[in-house]
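Here's the structure we're looking at; comments come further down.
The values are calculated or read from the model by the stated rules, or taken from the named source; none is laboratory data. Keep in mind that this is a model prediction, so the values were computed, not measured. All Cβ positions, glycine included, derive from the backbone under ideal geometry; neighbour counts span all protein chains shown. Just the protein is used for accessible areas: all its heavy atoms, side chains included, with ligands, DNA and RNA removed. Shrake-Rupley method; radii C 1.70, N 1.55, O 1.52, S 1.80 Å.
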Amino acid sequence: MSDFTGDDHRYMARALQLAEGGLYSTDPNPRVGCVIVKDGRVVGEGFHARAGESHAEVHALAMAGAAARGATLYVTLEPCAHHGRTPPCADALLAAGIARVVYACPDPNPLVAGAGIGRLAAAGIEMESGLLASPAEALNVGFFSRLRRGRPWLRVKLGASLDGRTALANGNSRWLTSAASRADVQRLRARSSAILSGAATVDRDDARLSVRDTTLDLRGRLPLRVVLDPGLVLRPTARLFQEPGPVLVLTGSENEAARAALAATGAEIVVVPHSGARDLTNVVALLAQRGINELLVEAGPRLAGSFISAGLVDEFVLYLAPHMLGHDGAPLAMLPMLDDLGDRWEFRYTDVRQIGPDLRLTLVPVAREAE
């Protein structure tokens with residue numbers, strides 16, 4: 001690995017900061033930032049804002065103009081070398097006369113990985129990689145997950161009382177957590193490719209699963225809303241169908257009349273073969289095929305427990321409110337009974353912070369050791 005200087009770190013950190021400008025809007029493309037430096041001075045910078053529009057490098061080159069010749073370009077992802085919705089960035093760098101390229105991560109797409117590097121290196125451009133690779137990958141955790149593992153990064157959001165209850169025994173959960181936590185959830189929704197819930201939760205809460213914070217700039221993108229509805233019990237009059245944006249209902253039912261009624265709302269109805277919508281592995285694979293990078297699950301304890309049991313959860317975001325609901329309340333997740341503590345599901349904290357009066361705990365599963 002190269003011996004990067006303090007200036008190299010500073011410019012790549014700036015590129016990462018720029019990349020965050022596309023946090024809510026680039027999907028299904030990655031979030032990418034770029035900085036061009038000539039003689040110790042930033043002459044161009046930019047970020048990818050939306051799929052189908054110019055990449056970060058193109059914006060930075062446009063700002064730099066003739067100053068790009070002989071300059072160093074810092075970019076958070078390997079420059080592309082293929083024709084997609086836009087021309088290859090590698091060609092633009094060659095035409096601009098860039099002398100050195102420092103990139104954080106290689107492109108995870110096996111069809112294109114290394115192609116940009118190879119084309120630029122063959123033209124005599126100095127190529128260096130690995131600078132701030134971890135935060136660059138973290139910014140695009142879902143993009144890397146989809147291309148490397150064939151499934152989205154699956155994030156489960158839960159709200160609970162201090163005694164681990166998500167609702168009263170009668171099902172009432174409004175409002176369990178604070179307004180500050182609910183505003184924070186809006187940001188989670190905004191960065192997600194899709195938001196998934198079960199039909200029972202949507203029906204009980206008349207949930208919309210939408211991004212309603214108008215201060216979050218999605219640049220016209222609306223996350224896909226996915227409902228697992230094995231028996232097609234959703235009501236066509238539900239608020240879910242009144243909100244703008246795409247809705248996908250996954251079902252195991254062949255009830256043509258119920259399907260037609262939901263389809264009339266504009267929703268897409270897909271029958272998942274064999275075990276229906278309960279086959280969660282098939283569900284996440286199907287969503288990956290549709291370009292879903294980050295999947296946010298907001299569901300009741302039964303469905304949350306099913307995702308945990310299936311080993312599909314990559315991250316938990318738990319909002320813990322400073323009150324108790326009593327032992328009769330609904331649990332966080334319904335999981336199989338264990339006889340041995342060694343079989344318990346274990347997690348590791350990656351972030352703990354206070355959001356209003358609540359705590360937000362972010363955790364990732366600890367992989368179980370092989371038998």
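Whenever you get a sec, line up LEU240, LEU61 from highest to lowest accessible area (probe 1.4 Å, protein heavy atoms).
Ranked from most to least accessible, the order is LEU61, LEU240.
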message: Using the Karplus curve 6.51 cos²θ - 1.76 cosθ + 1.60 with θ = phi - 60°, what ³J(HN,Hα) values do you get for each residue of segment 63-69, in whole Hz, with x for Gly and Pro?
response: 6, 6, x, 5, 5, 5, 5
query: If the convex hull of the alpha-carbon atoms of segment 1-135 is projected onto planes in all directions, what is the mean projected area in square nanometres?
result: 7.3
task: Take the alpha-carbon centre of segment 45-68, take the same for segment 282-356, and report the distance between them in whole Å.
output: 39
query: Going by alpha carbons, how many degrees (0 to 90, nearest 10) lie between the helix axis of 280-289 and the longest principal axis of the chain?
result: 30
- prompt: Per residue of the chain, what 222 nm ellipticity follows from adding -39500 (n - 2.57) for every DSSP H run with n ≥ 4, rounded to the nearest 500?
  reply: -8000 deg cm²/dmol
- request: Express in Å², to the nearest 10, the accessible area of GLU254 obtained by rolling a 1.4 Å probe over the protein heavy atoms while all chains stay in place.
  value: 120
message: Computed from the coordinates I sent, Cα Rg over 2.2 N^0.38 Å equals one of [x] 1.10; [y] 0.99; [z] 1.18. Tell me the label.
response: [x]
- prompt: Which whole-number percent is the relative contact order of segment 183-314 (Cα, under 8 Å, 6+ apart)?
  reply: 28
- request: Please get the size of the charge dipole for the chain, origin at its Cα centre, with Cβ charges of +1 on Lys and Arg and -1 on Asp and Glu, quoted in debye to the nearest 20.
  value: 840
task: Note down, for segment 258-339, the three equivalent ellipsoid semi-axes (square root of 5 times each alpha carbon gyration tensor eigenvalue), biggest first, whole angstrom.
output: 28, 17, 15
In sequence order, calculated HN-Hα J values of segment 195-210 (Karplus, 6.51, -1.76, 1.60; Hz; x Gly/Pro): 10, 10, 8, x, 4, 5, 5, 4, 5, 5, 8, 6, 6, 9, 6, 10
- line: Non-local residues with an amide H under 5 Å from the amide H of LEU77, with H modelled 1.01 Å from N and Pro and chain starts lacking one, are GLY33, ALA104, CYS105
